[in-house]
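Trainee: After the C-alpha cells below, expect a handful of questions from me.
The values are calculated or read from the model by the stated rules, or taken from the named source; none is laboratory data. Model, not experiment: these values are computed from the prediction. Neighbour counts are summed over all protein chains in view; Cβ atoms, including those assigned to glycine, are modelled from backbone coordinates with ideal geometry.
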C-alpha cells in the first residue's frame, strides 16, 4: 500500500513516498500508528491507492497519524485526512479553468464546481496578446489556433463624430513582446478551456450550485446542490474562488469596495453585416468615445460582431426606455457608429449587464485565494478582464502548488500573490479612470514618439505587467502630461458634439 505524505522531522518538511506495511490495533482518540518504509524518489515506486483502502484506517477529518519508519530510530509525524481533493475551484470561467489546469498538470487532485452547463453565453470577448504566454504554458495555444478565432493585432480609438482617431498596433510596439491576440466568442472559448482542464485531470462538475464554504486550519469545506437536487459536501486543502462578479467569498465576508466613479452599465448584442476595416485591421477592437460613454466593436467570428455601449447606470435608469431603444439612440448620435452599423443585422437579443468596478479589500484568506473578477473587476474599456483572470489564476495556482509541496498553509505565497495582483489592477484602474476625462483623450489620440511614451502605452494595452521601471516612469510622465493638459492645455482640445 503506497501513499504520498509530507513528513516532518525537526521542523523540516520533506516530500517522501511512504509504503504502509501494517496497521496496528493501538489507537489514541483519533490517532493511529502505522509501520512504514520510506522511499526517497521523485516518482512513486508503485501506483498510488487511496489511504481509505488501508484496513482499519477509518480516519476522522484531518486526523493526525504517527508513522514509525523502519530502519530509523526517529519517529516522523504526518497528517492524513479523508479529503479526496487537494484543491477545490469554484467557477469554470477562464480564471477557474486556468487554475484547475495548472494544478492538474502539476499532479494535484482538483475538483472544479461550475453553476452553469457549458457552453453558455458570456460577454468579454476581446483578449490581450499576453494571454498567449499563458495559453502556451497550459498547452492550449494549438487548440485555440485550430478553433479559427479572429486575430486581433491592434486596438483602435475614435471620437464619435469621426473627426479624430488612432490605432495601437501591437507588433509595432518597442516594449511589446507578443504581437497578436484572439477575439473570441466566449461560449466557445470558455468551453474549450473547461474541457482542457478536464482532459488534464481536473474533475469537473457542472450545474453544481455552491451554497456554503468554510475554512479551518487544516482545509476548506464546500457544500452545494447538484443538478438533481441532491446536496453534497467536499473537503480539500485549498479553495480557489473564481466566481467572477458573483464574488462568492468576497461578498460573504463583506470585502467588496465599489469604485464610486465607475458605476456603469452595458447594453450589447451580436450583429452581422458590421463594417470592419480592410486587411488585418478588420480584427481590431474598435472603441468609439462619446462625451461620457463609449461603444465597443469586436469581431468574434465569421460575420459575427459584438457591439455594445457602456454608460452611466443612473442615466440608463432615467431614460425609462428599453435596452434596444437606448442602444439605438446612442448609435444614431455617433457618425462613426452609424456608418459601421448602417447595414448591420442584429443576431441576438439585447443584453444588459452592470459594469460596476470594485475591488475586494483582501484577495486571500485561510487556505483561500480569490482570482479574476472575484478579486476585483475593472471597467472593460481596455479588454483586460480575461487576461487578468488567467494571469491571476496562474500565479495563485503556483502559490497553492508550492504550499502543497511544502505542507504549509500557503499564507506567505498568497501575500506575494496579492501584492502582484494589486499592482496589476492598479495599472489598468488608473488608465480606466483617466479614459473618462477629456484631457486624457486629447493626449491619447495624439500619440508621439518622444520619450517612447506611446510605446509604453502600447505595451500596457497588450498586457505587459512586468515591464519594470522602463514602462513605469514613462506612464508616470504620461499621466503628468494629462494633468498638465487639464491645467494648461498644450494639445488641441476635443469638443464632443451635443446629442439632439
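Trainee: If I filter region 276-291 down to residues being closer than 18 Å to residue 125 by Cβ and in contact with a helix residue (DSSP H, G or I) (Cβ under 8 Å, 6 or more places away or on another chain), which single residue comes out as surrounded by the fewest Cβ atoms within 10 Å (Cβ to Cβ)?
Mentor: So, considering only residues that are closer than 18 Å to residue 125 by Cβ and in contact with a helix residue (DSSP H, G or I) (Cβ under 8 Å, 6 or more places away or on another chain), the one surrounded by the fewest Cβ atoms within 10 Å (Cβ to Cβ) is 276.
Trainee: Checking residue 407 against (1) assigned by TED's automatic domain parsing to the domain that holds residue 311; (2) crowded, with 21+ Cβ neighbours inside 10 Å; (3) in contact with a strand residue (DSSP E or B) (Cβ under 6 Å, 6 or more places away or on another chain), which single condition isn't satisfied?
Mentor: (2)
Trainee: Return the residues of region 134-166 that are buried (at least 16 other Cβ atoms within 10 Å of the Cβ) and part of a helix (DSSP H, G or I); say none if nothing qualifies.
Mentor: Listed by number, the residues that qualify are 134, 135, 138, 141, 144.
Trainee: Considering only residues that are farther than 23 Å from residue 86 by Cα and either without any contact (Cβ under 8 Å) to a residue 40 or more places away in the chain or part of a strand (DSSP E or B) (or both), which ones fall in region 348-369?
Mentor: 351, 352, 353, 354, 355, 356, 357, 358, 359, 360
Trainee: Now, a different point. Quick one: is residue 389 in a helix (DSSP H, G or I), buried (at least 21 other Cβ atoms within 10 Å of the Cβ), touching a residue at least 12 places away in the same chain (Cβ under 8 Å) and touching a strand residue (DSSP E or B) at 6+ places or on another chain (Cβ under 8 Å)? Break it down stepwise before answering.
Mentor: Values: in a helix (DSSP H, G or I): yes; buried (at least 21 other Cβ atoms within 10 Å of the Cβ): yes; touching a residue at least 12 places away in the same chain (Cβ under 8 Å): yes; touching a strand residue (DSSP E or B) at 6+ places or on another chain (Cβ under 8 Å): no.
Spelling it out, it is not the case that residue 389 is in a helix (DSSP H, G or I), buried (at least 21 other Cβ atoms within 10 Å of the Cβ), touching a residue at least 12 places away in the same chain (Cβ under 8 Å) and touching a strand residue (DSSP E or B) at 6+ places or on another chain (Cβ under 8 Å).
Trainee: Please enumerate the residues belonging to region 450-500 that are surrounded by 14 or more Cβ atoms within 10 Å (Cβ to Cβ), farther than 23 Å from residue 159 by Cβ and at pLDDT below 95.
Mentor: Across region 450-500, the qualifying residues are 465, 467.
Trainee: Name the helices (runs of 4 or more DSSP H) wholly within region 426-500 that hold at least 1 residues that are without any contact (Cβ under 8 Å) to a residue 40 or more places away in the chain?
Mentor: Helices (runs of 4 or more DSSP H) meeting the threshold: 453-462, 469-487.
Trainee: When you scan region 454-465, do you find a residue that is assigned by TED's automatic domain parsing to the domain that holds residue 134 and farther than 30 Å from residue 217 by Cα, even just one?
Mentor: The answer is no; no qualifying residue exists.
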